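Take a look at the structure set out below.
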Amino acid sequence: MGSLRLGVGKTIYVVTHPEATHHCEGLVGGWYDSDLTARGLAQTMSIAQWMRAQIPAGVTAEVFSSDLLRARRTADQIGHAIGSAVMLDRDLREKSYGIAEGRPQHWLDERFIPPPADGDRLNHDEGIPGAETKGKFAARVYSAMRSITARPAEHQIIVTHGFALTFVIAAWIHMPPESLGYANFRSNPGSITTLRQDDYFHNRQVSALADTRHLEPATS
């Protein structure tokens, strides 16, 4: 038998938007449409430069983004750097915190009901009117990922939010939705997670999780 040759496959880079105003002001994010800070805007340049170096010459990478301003600004910088249009998808938004969005974080903390150690964690009511359950949040991110991964592009970039990253990864590795009650992948603002699939075995890897080394020049 000859040597095994792996195909080109698919690579997805998942970017969590960098520093936003709600981070610095101690406000609840979610669907609150905060903007990037000056530092966050500088970080988008580092992200875009790193991304441009990853995409092979002559290849057009697809860029998808949450439609919230802080993600959209990040995606626009990436799209400009690699010469790609940005496709917005509200299903890539952060978890909705209902009436808590835009309020001081301590307001949410004082009212938040944490999920039980056991039982139905996906449909747990956190005590905040209008907030999404973890199950509903996961379902829409999974929906976005089904649409994105079904496309034939070999290189894709997804710009989203810190909590949403967990479900992007879980969808990528085909974690059953009913198993998501305890799932959590931590990240920092401006991180990049690299997902790969080969076209021989069709195995899916998390090649790099929430890497922030590309931000060092912008934050030194």
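The values are calculated or read from the model by the stated rules, or taken from the named source; none is laboratory data. This structure is a prediction, so every number in the text was calculated from the model and none was measured. As a convention, Cβ positions derive from the backbone with ideal geometry for all residues, glycine included, and neighbour counts pool all protein chains shown. Accessible surface is based on the protein model in full, side chains and every heavy atom, while ligands, DNA and RNA are left aside. Shrake-Rupley method; radii C 1.70, N 1.55, O 1.52, S 1.80 Å.
Rounded to the nearest 10 degrees, the inclination of helix 38-54 to the longest alpha-carbon principal axis of the chain is 30 degrees. Distant-in-sequence amide contacts of I157, defined by a placed amide H-H separation under 5 Å and a gap of 5 or more residues or a different chain, comprise Y13, E62, V63, F64. Charge dipole of the chain (Cα centre as origin; +1 on each Lys and Arg Cβ, -1 on each Asp and Glu Cβ, all else neutral): 500 debye, rounded to the nearest 20. Between A100, T160, A139, the Cα set farthest toward the positive side of the dipole of segment 8-215 (charges on each charged residue's Cβ, about the Cα centre) is that of T160.
At 1.4 Å probe size, with every protein chain present, just tell me what the per residue accessible area of the chain comes to in Å². With the other protein chains kept in place, the chain gives 49 Å² per residue. Here the accessible area of the chain is 51 percent carbon and sulfur, with a 1.4 angstrom probe and all protein chains present. The C-alpha atoms of the chain define a longest principal axis, and helix 134-149 lies at about 20 degrees to it. With the convex hull constructed from alpha-carbon coordinates only, segment 127-171 shows a mean projected area of 3.7 nm² over all directions.
Comparing mean-square fluctuations of P177, P189, P114 from a GNM of the chain with C-alpha springs under 10 Å, the top value falls on P114. Working note: Debye formula, equal point scatterers on the alpha-carbon atoms of segment 8-215, no solvent; log10 I(q)/I(0) at q = 0.07, 0.13 Å⁻¹ is -0.20, -0.70. Across q = 0.18, 0.20, 0.23 Å⁻¹, segment 143-220 modelled as identical point scatterers on its alpha-carbon atoms has Debye log10 I(q)/I(0) values of -0.82, -0.98, -1.22, in the order of the q list.
In percent, rounded to a whole number, the relative contact order of segment 11-135 is 26, using alpha-carbon pairs under 8 Å and six or more apart.
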